[in-house]
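Written below as structure tokens is the structure these notes are about.
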Amino acid sequence: MASNSATDSSSSAKDKIVWYFAFGANMASKVLIGRRQVQPIESYPCIVNGYDLQFDMKGLPYFEPAFASISKSEKAIGSIGYCHGVVHKITREQMDHIRRTEGGNGHDDLGYREIIVQAQIYEPFYPNDGFVDKYRKASEDASWFGQTIDAIALQAVQPDIVDALPSARYLNILREGAREYGVAKVWQDHLNLILEPYNPVGGLSLRNAGRFSFAACIIPLFIFPALVMIVTHLSKMKPPYIAALYFKFTSTLLWILHDNIWSKLFGSGKNNQDLKDNKKN
């Protein structure tokens, strides 16, 4: 059995083995393996006590309002005292690649930073409901079940939004990843039944008008930095700090525009509270 530390020593830094605790989209194979091209050596469901899943990373109003992070339970809103997810055994080079593709693009003072958490691995849960075996991704080495390991997690450097909801698209990726890797039923129920996605409301609604008008205004702001990000991603390089900083500045500007103009004209691009209030009236 390998070491229970977050990093196992090896001949070179990039080949070192690390455990990575995924609680968001990187739980899902279509994101980690498909989109990010990171093939884990092993993957297991796990629980991390003392941390809570929070959607407190700014996204894009009306489209992807917020992304996942974890917070110490004593600081978390609506704390339940734990967070389930998947631990992936990968190389340090793969971990660095993941960081470049996440918020902050690998820069320690922007987006996400690395922290060490204690993750307890457990036996995968797969309901007897006809879920096809080929979609079951968890590794089968039972000697890991019950083991507690040090794992790297990505945490928001500075949570920058409250009361925001994940998009249905994003939340469904979390649900899919949890199911693939046999995360505990209590957590799958939490993702499926408790967590609420943002409702963009289609058709001729004000929210939909807000989405399209907002998109029309922001696209020019992102063309050049998006090209920079694509080029650096394909070349497996960390994007320039100025490009990552520009993204952060632009995100802040977009939310100022949303909070002071768009939300007042078209309804919230952050959560569903205005829809609930309208139903009451």
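The values are calculated or read from the model by the stated rules, or taken from the named source; none is laboratory data. Remember, it's a predicted structure, so these values are computed and weren't measured experimentally. Every residue, glycine among them, receives a Cβ derived from its backbone with ideal geometry; neighbour counts consider all protein chains shown.
When you look at ARG179, is it crowded, with 20+ Cβ neighbours inside 10 Å, in the same structural domain as PHE21 (by TED's automatic domain parsing) and basic (Lys, Arg), yes or no? Spelling it out, ARG179 is indeed crowded, with 20+ Cβ neighbours inside 10 Å, in the same structural domain as PHE21 (by TED's automatic domain parsing) and basic (Lys, Arg).
So, ILE80, is that one touching a helix residue (DSSP H, G or I) at 6+ places or on another chain (Cβ under 9 Å) and in a loop (DSSP other than H, G, I, E, B) or not? It is true that ILE80 is touching a helix residue (DSSP H, G or I) at 6+ places or on another chain (Cβ under 9 Å) and in a loop (DSSP other than H, G, I, E, B).
A residue that is over 20 Å from ASN192 (Cβ atoms) and among the basic types (Lys, Arg) can be found somewhere in region 16-33. Residues in region 131-153 that are loosely packed, with under 14 Cβ neighbours inside 10 Å, in a loop (DSSP other than H, G, I, E, B) and at pLDDT below 95: PHE131, VAL132, GLU140, ASP141. Residues in region 163-175 include none that are touching a strand residue (DSSP E or B) at 6+ places or on another chain (Cβ under 9 Å), assigned to a loop (DSSP other than H, G, I, E, B), farther than 24 Å from THR252 by Cβ and modelled with pLDDT of 95 or more.
Every condition in (1) buried (at least 21 other Cβ atoms within 10 Å of the Cβ); (2) touching a residue at least 60 places away in the same chain (Cβ under 8 Å); (3) of a type outside the set (Gly, Ala, Ser) is met by LYS89 except one, and the failing one is (1). Remark: pairs (first residue in region 24-47, assigned by TED's automatic domain parsing to the domain that holds LYS89 and surrounded by fewer than 18 Cβ atoms within 10 Å (Cβ to Cβ); second residue of a type in the set (Phe, Trp, Tyr) and at pLDDT 95 or above; Cβ separation under 8 Å; 6+ apart in sequence or on different chains) = GLU42/TRP144.
Scan region 182-211 for residues that are surrounded by 15 or more Cβ atoms within 10 Å (Cβ to Cβ) and over 30 Å from GLY267 (Cα atoms) and the total you get is 5.
All of (1) out of contact with any Gly (no Cβ under 9 Å at 6 or more places or on another chain); (2) in contact (Cβ under 8 Å) with a residue 40 or more places away in the chain; (3) more than 16 Å from ILE149 (Cα to Cα) hold for SER69 with one exception: (1). If you go through region 37-77 and pick out every residue that is over 30 Å from LYS264 (Cβ atoms), outside any loop (DSSP other than H, G, I, E, B) and not aromatic (Phe, Trp, Tyr), you end up with 14.
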